[in-house]
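Structure, as structure tokens:
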Amino acid sequence: MSSSTVPSAMNSEGAQTLQAALAEPLRARLSLRTKLAGLLGLLALLTYPFALNTPFAHHVMILIFLYALMAQSWNILAGYCGQISLGHVVFFGIGAYSSGYLFATYHVSPWLGMLVGITIAAVMAVVIGIPTLRLRGHYFAIATLVIGESVQIVFQRWEFVGAASGIWLPIVREHPYVNFQFNESKIPYYYIALAFLVLVCLAVAYLERSKAGFYFRAIREEPEAASSLGINVSLYKVIAFMMSAAFMAMAGTFYAQYVLVIDPETVFPLALSILVLLIAVMGGVGTLWGPVIGAAVLVPLSEATRIYLGGTGGTVDLMLYGALIVLICIFRPSGLLGLFKHRRVRALLREGSKRGNA
Amino acid sequence: MTKEIIIQAIISGLLMGFVYALIAAGLSLIFGLMEIVNFAHGEFMMMSMYSAFWLWALFGLDPLYALPLCTMLLALMGLATHYGIIRPILRAPMLAQICATFGLAVFLRALAQFLWTPDFRTIQHPLVEGRVDIMGIYLGLPQIVASAGCIVGFAALYLFITRTETGLALQATAQDREAASLMGIPTDRMYALGWMIGAACVGVAGVLLSTFYFVFPEVGLQFALLAYVAVALGGFGSIFGALLAGVLIGLLESLGGLLIDPSFKVLFIFTLYLAVVFMRPQGLFGRF
């Protein structure tokens with residue numbers, strides 16, 4: 001990565017090894033306690049819609065799942081592979097438009113449309129990725145930002161997909177599971193969003209332990225060294241981009257089916273690209289749980305501040321939000337997950353010094 | 001389409017281009033110094049435009065007279081940003097730096113909307129208004145003044161950086177922080193100075209723009225986007241590159257809008273940028 005991330009000579013060597021150790025993935029087998037906690041968490045999530053049976057309670061959770069899904073897809077490329085994209089919304093929009101267009105025009109099941117969207121997004125990732133992934137650091141970030149804005153402009157003028165007015169998906173009452181439309185209750189959406197999120201988290205968990213995952217992290221830390229060790233750097237960057245784009249497209253289809261109206265202003269905004277990045281950074285990039293924690297904190301927070309502070313047309317919620325992000329970057333650059341890691345490391349250090357004294 | 005219209009488009013494109021150039025120069029200076037992209041640059045400009053507007057609305061001070069005051073205000077804002085936000089994250093990962101300035105942008109935009117509502121405001125009857133007619137070519141006087149002001153600002157910046165001792169110290173810090181520090185240059189103060197000058201540049205541009213452009217909380221976004229493209233196109237850290245890229249962008253925007261389709265004018269700029277960067281990843285004048 002850029003030279004600004006290289007620790008300075010002032011840092012003691014111990015701190016460096018500590019950081020390196022922190023960056024190492026946990027390959028240890030999951031303890032029984034972790035497994036039990038995970039099982040309980042999943043059970044709680046599965047029973048939640050019936051315990052808190054109001055549309056709003058469901059809606060907030062659906063939003064958390066959706067944003068966590070997006071932040072996790074962004075995390076694959078940026079967190080694990082180190083390529084900071086500011087235009088990820090392109091793939092979200094492609095997913096929304098692919099299934100939305102096919103459903104609105106030909107009544108193709110959105111599930112099929114989602115597969116089409118994923119394919120198009122992956123192909124687009126290759127097309128965009130091959131030239132842009134050669135760029136370093138900020139050049140890549142600005143290039144993806146520019147591509148995101150350009151795609152929005154193209155969709156705003158493209159008559160074939162409804163130009164600026166977008167696509168209104170027809171409301172269909174029969175076969176809700178085939179048509180991916182649930183007009184009576186939000187509960188099916190809840191479970192589908194949860195399933196998507198679990199899917200992407202499983203993929204990332206698998207990635208963390210796979211060879212490709214190690215390649216990604218090697219590319220993030222030292223592209224030159226990775227290349228000298230025989231890793232095909234450009235190939236693996238493109239693979240990371242494709243994976244990331246595919247999951248983003250899934251989120252796009254879900255959004256289209258959930259809201260049933262898509263237009264360039266809502267599915268291609270720069271603000272969404274940034275929001276996804278902020279969620280991941282808030283939780284902790286390059287970690288499995290970071291994006292999930294980020295979404296679980298930010299989404300309810302922004303809903304709550306919007307309800308209690310934003311009602312009168314004020315923007316106090318956005319001010320708090322901006323200030324919070326700045327504060328997190330200053331005091332906890334490793335994200336909220338860093339808080340836990342910090343404690344664990346301190347505990348380890350204490351243990352180590354005790355052993356040293358004995 | 002007559003020759004006059006095309007010449008007019010070229011000249012007004014050039015005029016806008018110098019404004020873009022000064023905005024981009026501030027961004028580029030900060031990046032050259034510490035490899036941080038200020039994603040709140042557009043919001044700095046918005047703040048400068050609002051300060052000019054309120055000085056006019058409350059005290060009847062014309063933006064041209066208010067220029068030094070607003071520039072100083074922005075320099076102070078840059079200074080505060082450096083010590084409050086940037087200094088603690090100098091050694092943080094690039095992502096944290098990006099997020100911190102994005103967070104600042106979100107905060108400033110929301111603050112402006114909270115304090116001053118999202119209304120579009122204009123300064124009526126500024127000191128210079130109307131337009132001139134030079135051989136059938138009509139040009140807005142405020143645009144000419146803004147452009148001239150930005151050229152003067154840019155020249156001052158260039159002379160300061162290349163001719164004064166402090167400017168050379170800035171350059172030295174940008175080239176090699178450790179070595180500059182060993183030579184007795186207070187690099188931390190150089191960073192603060194860089195933020196002051198960078199913010200002052202966008203402050204000058206903002207005040208001059210406020211004489212003929214709407215003032216609203218989101219105004220910075222479009223200008224900042226073009227400035228990022230200008231900086232990347234010219235090459236991060238190259239102030240001269242920012243000038244050339246800014247002018248190029250102004251020309252392309254005006255000519256593309258006239259000759260092909262106004263709704264696509266930004267797209268031409270983006271396409272040019274992508275084309276250049278794919279062939280020369282470090283931009284036109286970038287050091288890699």
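The values are calculated or read from the model by the stated rules, or taken from the named source; none is laboratory data. None of these values were measured; they are calculated from a predicted model. All Cβ positions, even for glycine, are placed from backbone atoms using ideal geometry, and neighbour counts span all protein chains on display.
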For region A:156-184, name all the residues that are part of a loop (DSSP other than H, G, I, E, B), away from chain B (no Cβ under 14 Å) and surrounded by 13 or more Cβ atoms within 10 Å (Cβ to Cβ). A:Gly162, A:Gly166, A:Leu169, A:Val172, A:Phe180, A:Gln181, A:Phe182
Scanning for something aromatic (Phe, Trp, Tyr), assigned to a helix (DSSP H, G or I) and facing chain B (nearest Cβ under 8 Å), does region A:307-324 turn up at least one residue? yes
Residues B:Ile123, B:Ile137: which one is under 23 Å from B:Ala9 (Cβ atoms), modelled with pLDDT under 85 and not basic (Lys, Arg)? B:Ile137
Going by what's in this entry, would B:Gly203 be described as of a type in the set (Gly, Ala, Ser), under 14 Å from the mean Cα position of the chain (by Cα), in a helix (DSSP H, G or I) and within 16 Å of B:Phe285 (Cα to Cα)? no
Looking at A:Thr312, is it among the polar types (S, T, N, Q) and either under 21 Å from A:Ile120 (Cβ atoms) or modelled with pLDDT of 75 or more (or both)? no
So is B:Leu159 within 14 Å of chain A (Cβ to nearest Cβ), over 30 Å from A:Gly79 (Cβ atoms), assigned to a helix (DSSP H, G or I) and not hydroxyl-bearing (Ser, Thr, Tyr) or not? no
Have a look at B:Met77, B:Met49 and point out the one that is in a helix (DSSP H, G or I), among the hydrophobic types (A, V, I, L, M, F, W, C) and touching a strand residue (DSSP E or B) at 6+ places or on another chain (Cβ under 8 Å). B:Met49
Does B:Gly84 satisfy the condition of being under 30 Å from B:Leu33 (Cα atoms), surrounded by fewer than 15 Cβ atoms within 10 Å (Cβ to Cβ) and of a type in the set (Gly, Ala, Ser)? yes
Test set (1) touching a His at 6+ places or on another chain (Cβ under 8 Å); (2) not in a helix (DSSP H, G or I) - B:Ala92 fails condition number: (1)
Which one of the conditions (1) in contact with a helix residue (DSSP H, G or I) (Cβ under 8 Å, 6 or more places away or on another chain); (2) closer than 26 Å to A:Arg134 by Cα; (3) of a type in the set (Asp, Glu) does A:Glu224 fail to meet, given that it meets all the rest? (1)
Between B:Ala146, B:Ala112, which is within 14 Å of chain A (Cβ to nearest Cβ) and either farther than 30 Å from B:Gln8 by Cα or touching a residue at least 12 places away in the same chain (Cβ under 8 Å) (or both)? B:Ala112
Restricting region B:81-94 to residues that are without any contact (Cβ under 8 Å) to a residue 24 or more places away in the chain and under 22 Å from B:Gly220 (Cα atoms), which is farthest from the other protein chains (Cβ to nearest Cβ)? B:Gly84
Which residue, of B:Ile6, B:Ile23, is away from chain A (no Cβ under 12 Å), at pLDDT below 90, over 24 Å from A:Arg332 (Cβ atoms) and part of a helix (DSSP H, G or I)? B:Ile6
Taking region B:206-222 and keeping residues under 13 Å from the mean Cα position of the chain (by Cα) and either surrounded by fewer than 24 Cβ atoms within 10 Å (Cβ to Cβ) or under 26 Å from B:Leu274 (Cα atoms) (or both) leaves B:Val219, B:Gly220, B:Leu221, B:Gln222
State whether the residues of region B:112-124 include one that is of a type outside the set (Asp, Glu), crowded, with 23+ Cβ neighbours inside 10 Å, touching a helix residue (DSSP H, G or I) at 6+ places or on another chain (Cβ under 7 Å) and not in a loop (DSSP other than H, G, I, E, B). yes
Against the definition (assigned to a helix (DSSP H, G or I), farther than 19 Å from A:Ala323 by Cβ and not aliphatic (A, V, I, L, M)), how does B:Tyr65 come out, yes or no? yes
Can you tell me how many residues within region B:223-268 are over 11 Å from the mean Cα position of the chain (by Cα), aliphatic (A, V, I, L, M) and within 13 Å of chain A (Cβ to nearest Cβ)? 8
Residue identified as more than 12 Å from chain A (Cβ to nearest Cβ), touching a residue at least 24 places away in the same chain (Cβ under 8 Å) and of a type in the set (Phe, Trp, Tyr) among B:Phe31, B:Phe59, B:Phe44: B:Phe44
Hits in region B:235-288 (condition: at pLDDT 85 or above and on the phi > 0 side of the Ramachandran plot): none
Starting from region A:292-309, take each residue that is surrounded by fewer than 16 Cβ atoms within 10 Å (Cβ to Cβ) and list its partners that are of a type in the set (Phe, Trp, Tyr), counting only C-beta distances under 9 angstrom and pairs at least six apart or across chains. A:Leu301/A:Tyr321
Between a first residue in region A:117-128 that is surrounded by 18 or more Cβ atoms within 10 Å (Cβ to Cβ) and a second residue that is not in a helix (DSSP H, G or I), which pairs have beta carbons less than 9 Å apart while being 6 or more apart in sequence or on different chains? A:Ile128/A:Gly87
Condition broken by B:Leu274, with the remaining ones in (1) under 21 Å from the mean Cα position of the chain (by Cα); (2) more than 8 Å from chain A (Cβ to nearest Cβ); (3) in a helix (DSSP H, G or I) satisfied: (2)
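Residues checked against (1) within 14 Å of chain B (Cβ to nearest Cβ); (2) assigned to a helix (DSSP H, G or I):
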| residue | (1), (2) |
| --- | --- |
| A:Ile94 | no, yes |
| A:Ser98 | no, yes |
| A:Thr105 | no, yes |
| A:Trp111 | no, yes |
| A:Thr119 | no, yes |
| A:Ala125 | no, yes |
| A:Pro131 | yes, yes |
| A:Leu135 | yes, no |
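On the given criteria, is B:Leu193 over 18 Å from B:Val37 (Cβ atoms), crowded, with 19+ Cβ neighbours inside 10 Å and at pLDDT 90 or above?
For B:Leu193, the condition - over 18 Å from B:Val37 (Cβ atoms), crowded, with 19+ Cβ neighbours inside 10 Å and at pLDDT 90 or above - is met.
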